[in-house]
1. Just want the ordering: 71, 49, from fewest to most Cβ atoms lying within 10 Å of their own Cβ.
2. What does the charge add up to near residue 144, with Lys and Arg as +1, Asp and Glu as -1, over the other residues with Cβ less than 14 Å from its Cβ?
3. Quick one: check the C-alpha center-to-center distance for the range 100-155 versus the range 37-59, whole angstrom.
4. Counting other beta carbons within 10 Å of each residue's own, what order do 95, 41, 125 fall into, fewest first?
5. How large is ³J(HN,Hα) for each residue in the range 75-90, as worked out from phi by the Karplus curve 6.51 cos²θ - 1.76 cosθ + 1.60 (θ = phi - 60°), to whole Hz, x for Gly and Pro?
Amino acid sequence: MRTIAALLALLPVLVTACGGGTTYSSSAVEVRPVFRPVSILVEVYDPVTNYVFENVAVRIVEADQEWSQCTCSSPYFDWYLTDSAGQAYLDEWALGYSQVGFIEDAYGNAIIGSRSYEDQALVVLEIDADGFFPFYVEVDLSFDWPDVYVQVPLY
């Protein structure tokens, strides 16, 4: 009987010690952002014959970055020529080097983040070929689609 009385007397102390009192604690879970490298593969082709064009110049002009709220123009005029398959590959290093406002990793590679305010970008490319007028192409990048393949008809 004394044992039961002693346990009943200690019950309020045990309940408070176990968090059953009036104090509440919340455990916040830290969600770390995830980053993905971005790239653009541009293919330039003739829409009439479906043949591809070799040695077409592609340049990164600017990008509209969601996270920086900036449309940043590239200070460089670096041209990337399409190969025999009609393709020019703008990898994460080329996009980071162009200084158009991408978030960059420790190696200078352009990356895009998983958070809602850093998961989208719009890149403007200039396409130029002998005998054709230069024109611009807008390419959407997102966290869900960080590697984009773009087919560009050359008229």
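Readers should treat all values here as calculations from the given coordinates under stated rules, not as data from a laboratory. Not measured: the values here are computed from a predicted model. For neighbour counting, all protein chains shown are included, and Cβ atoms are generated from backbone atoms with ideal geometry for every residue, glycine included.
1. Ascending Cβ contact count within 10 Å gives the list 49, 71.
2. Local net charge: -3.
3. The range 100-155 and the range 37-59 have Cα centres spaced 14 Å from each other.
4. 41, 125, 95
5. My calculation for the range 75-90 gives x, 9, 10, 7, 9, 10, 8, 6, 8, 5, 8, x, 10, 10, 9, 9 Hz in order.
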